[in-house]
Amino acid sequence: MARVLFLGGLGRSGTTLVERLLGELPGVCALGEVVHLWQRDVRDDERCGCGARFSACEFWDAVGERAFGGWHQVDVYRVLALQRAVERTRYIPRLAASRLPEDHVALIEEYAGYYASIYEAAAAVSGAEVVVDSSKHSALAHCLRWWPGLDLRVVHVVRDARGVAYSWTKTVVRPEAEVPAEMTRYSPARSALLWNAHNAAFGLLRRRGVPVRRIRYEEFVNDPRTGLLDLAAFAGLDVAVSDLKFIDGEEAELRFGHSAAGNPMRFTVGRVPLRRDDAWRDAFAPAQRRLVGTVCAPLLRAYGYPLRSRRLP
Ligand SMILES: [Zn+2]
């Protein structure tokens, strides 16, 4: 069975950067947000991280062939129906149960099986020891827990809720769509509630026996080399300091990959700055910052974020 490193957390927490850096390590194949692959790639044929249309990408063509005998064999509408039936944030308490009715387990297993087939095929096609799925969705991680024999390891990426909420108020364009579209935006109140729900869900997953490593985005960006060595060890990879030459001071040199659906940053190739995005500290309206800080206070505190200080300590 393939070893899967699942990157979890609420969107805008820095998971794409973590994925891109992990993808540069030997023995790793980064797949992007597999949760969106069914609709955006298999159905809508959007662009892969390599720039080619999904249907024209040799890597994904080989993965589809090996996993399903070709993507045309996959009933996307069945996968999306399963997704709606089992993979919702509000179903997490049920997914986290130790026992479920057999017919429900059958649906979860059918859904998780599609992912397991992709992981297995991607590992075989790429020759990688570890595949990275940066789907983020906590409900998907809970579904994958039910697939027998999957070596699932979860990296739970947390970022200060106020930075996350500020980022969700901004407009981001999705360049890979046929007609350039904007990514979803959330109000600060909604972001705050989602931040609590998703982060708590990964704590619950850990209590169900899944290996979960929590990292703070801010800490990771401050010292990505140490962060990567730690994650490599968590993933069971033998990575040496000499494998981290692509990180040089506050920059990383990224090669192109075959990251499917996800953040526009997956198209970035070449040198990228490794600076943490702290724009919210000056730009986020004080009333909204306070609102998010209050709603998220218990978990912010648990993760070691200062509640009051506007400036970094
Ligand atoms: Zn590709």
Has segment 70-82 got any residue that is within 21 Å of the chain's Cα centre (by Cα), among the small types (Gly, Ala, Ser) and not in a helix (DSSP H, G or I)?
no
Name the single residue, out of those in segment 31-48 being buried (at least 23 other Cβ atoms within 10 Å of the Cβ) and within 11 Å of the ligand (Cβ to nearest atom), that is farthest from PHE234 (Cα to Cα).
ASP41
With the checklist (1) surrounded by fewer than 23 Cβ atoms within 10 Å (Cβ to Cβ); (2) farther than 24 Å from TRP147 by Cα in hand, flag the one item LEU21 doesn't pass.
(1)
Scan segment 68-91 and tell me whether some residue there is within 16 Å of the ligand (Cβ to nearest atom), modelled with pLDDT of 95 or more and either closer than 24 Å to MET265 by Cβ or surrounded by 14 or more Cβ atoms within 10 Å (Cβ to Cβ) (or both).
yes
Tell me, which residue of segment 259-313 that is surrounded by 15 or more Cβ atoms within 10 Å (Cβ to Cβ), over 20 Å from ALA197 (Cβ atoms) and touching an Asp or Glu at 6+ places or on another chain (Cβ under 6 Å) is modelled with the lowest pLDDT?
GLY262
Restricting attention to segment 252-270, which residues are more than 15 Å from the ligand (Cβ to nearest atom) and in contact with a strand residue (DSSP E or B) (Cβ under 7 Å, 6 or more places away or on another chain)?
ALA252, GLU253, PRO264, GLY270
Just the residues that are of a type in the set (Gly, Ala, Ser) and either more than 18 Å from CYS29 (Cα to Cα) or within 16 Å of the ligand (Cβ to nearest atom) (or both), please, taken from segment 232-251.
SER242, GLY249
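To keep it simple, each residue is scored yes or no on (1) buried (at least 20 other Cβ atoms within 10 Å of the Cβ); (2) among the basic types (Lys, Arg); (3) in contact with a helix residue (DSSP H, G or I) (Cβ under 6 Å, 6 or more places away or on another chain).
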residue	(1), (2), (3)
SER98	no, no, no
SER117	no, no, yes
ALA121	yes, no, yes
VAL131	yes, no, yes
SER134	yes, no, yes
LEU144	yes, no, yes
Just checking, how many residues over segment 49-62 are near the ligand (Cβ under 10 Å from one of its atoms), of a type in the set (A, V, I, L, M, F, W, C) and in a helix (DSSP H, G or I)?
4
How do the pairs read when you match residues in segment 255-266 that are closer than 8 Å to GLU33 by Cα with residues anywhere that are within 12 Å of the ligand (Cβ to nearest atom) and of a type in the set (D, E, K, R), using Cβ under 7 Å and keeping only pairs 6 or more apart or on different chains?
SER259/ARG266; ALA260/ASP41; ALA261/ASP41; ALA261/GLU46
Answer yes or no as to whether GLY11 is surrounded by 20 or more Cβ atoms within 10 Å (Cβ to Cβ), in a loop (DSSP other than H, G, I, E, B), modelled with pLDDT under 95 and within 11 Å of the ligand (Cβ to nearest atom).
no
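The values are calculated or read from the model by the stated rules, or taken from the named source; none is laboratory data. Please read all numbers here as calculations on a predicted model, not as lab measurements. Don't worry about glycine lacking a Cβ; one is built from the backbone with ideal geometry, like all the others, and counts go over all protein chains shown.
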